[in-house]
1. To the nearest 20 Debye, how big is the dipole of region 16-61 about its Cα centre, given +1 on the beta carbon of each Lys and Arg and -1 on that of each Asp and Glu?
2. What does the highest-first list of 99-106, 165-172 look like by mean Cβ count within 10 Å?
3. Quick check for you: with a 1.4 Å probe and neighbouring chains kept, what is the accessible area per residue of the chain, in Å²?
4. Along the charge dipole of the chain, which of Val176, Ala8, Leu112 sits closest to the positive end, that is, farthest toward it, with unit charges on the beta carbon of Lys, Arg, Asp and Glu (+1, +1, -1, -1)?
5. State to the nearest 20 debye the size of the charge dipole of the chain about its Cα centre, where the only charges are +1 on K and R beta carbons and -1 on D and E beta carbons.
6. Of the heavy-atom accessible surface of the chain (probe 1.4 angstrom), what whole percent is carbon and sulfur?
7. Any idea of Leu59's accessible area? Nearest 10 Å², probe 1.4 Å.
8. Against the 2.2 N^0.38 Å scaling, with N counting residues, where does region 98-163 land? I'd like the Cα-based Rg ratio to two decimal places.
Amino acid sequence: MLRAVLVAPPGAGKGTQGERLATVYGVVHISAGEILRLDVARHTPTGLQVAAALDRGELVDDAIVTRAIFQRLGKAAEGFVLDGFPRTLAQAVAADEWTVRAGLPLHAAIELQVPRQELVNRLTRRAAHSSRSDDTRETILHRLDVYDRDAHDLLGYYRRRGILITVDGTGPIDAVTERIRLQLDQVLAR
Ligand code: AMP
């Protein structure tokens, strides 16, 4: 069983790699963004609270997103790949508390590294076909800045915890999956 989080900027391939890793390791893929977008689409109380932040590419309140994720995680605590959560240090601490209390601590935090210009290119291409309200040219740079603001603290936290895996996220999708697998298999064999 694998319990991992993906930490990467928008456009780095969190969703794509998260799905693939979940298949490879036979666990559930949980996307924070998807959960929130579903809440918005269904007009749930959470959806109403977060819609504006989502549209602007701002982070949703820690307490709201944490509650939504843990609700989902409760059904899959033994094995999961979480993508898009945690995004802040407070969320990372909450995730650790939750998983450790369940006796099911994280094996790895996977960082996908992609140069900023490549991210802008990918997100611009995606915006042309996307139905997502935040996939617009205007929000792309802002969402990248929002990531940069918290990434340093978040990655430092996992580095100190000794579970950070850093992977080159450029090149063919298969090659990126393979790079992640190589490192994850080492971690799981420990
Ligand atoms: P994503 O699908 O991961 O690109 O997330 C889309 C949007 O959902 C983000 O721009 C935020 O508005 C919101 N969101 C997703 N995950 C989180 C999180 N962990 N904390 C706060 N907001 C989040």
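The values are calculated or read from the model by the stated rules, or taken from the named source; none is laboratory data. As the structure is a computational prediction, the values presented were derived from the model and not from experiment. Because the Cβ atoms are built from the backbone with ideal geometry, glycine has one as well, and the counts that use them run over all protein chains shown. Note: accessible area is taken over every heavy atom of the protein model, side chains too, but ligands, DNA and RNA are not part of it. Shrake-Rupley method; radii C 1.70, N 1.55, O 1.52, S 1.80 Å.
1. 120 debye
2. 165-172, 99-106
3. Solvent-accessible surface per residue comes out at 50 Å².
4. Selected residue: Val176.
5. So the magnitude is around 220 debye.
6. Carbon and sulfur: 52 percent of the exposed surface of the chain.
7. 50 Å²
8. 1.45
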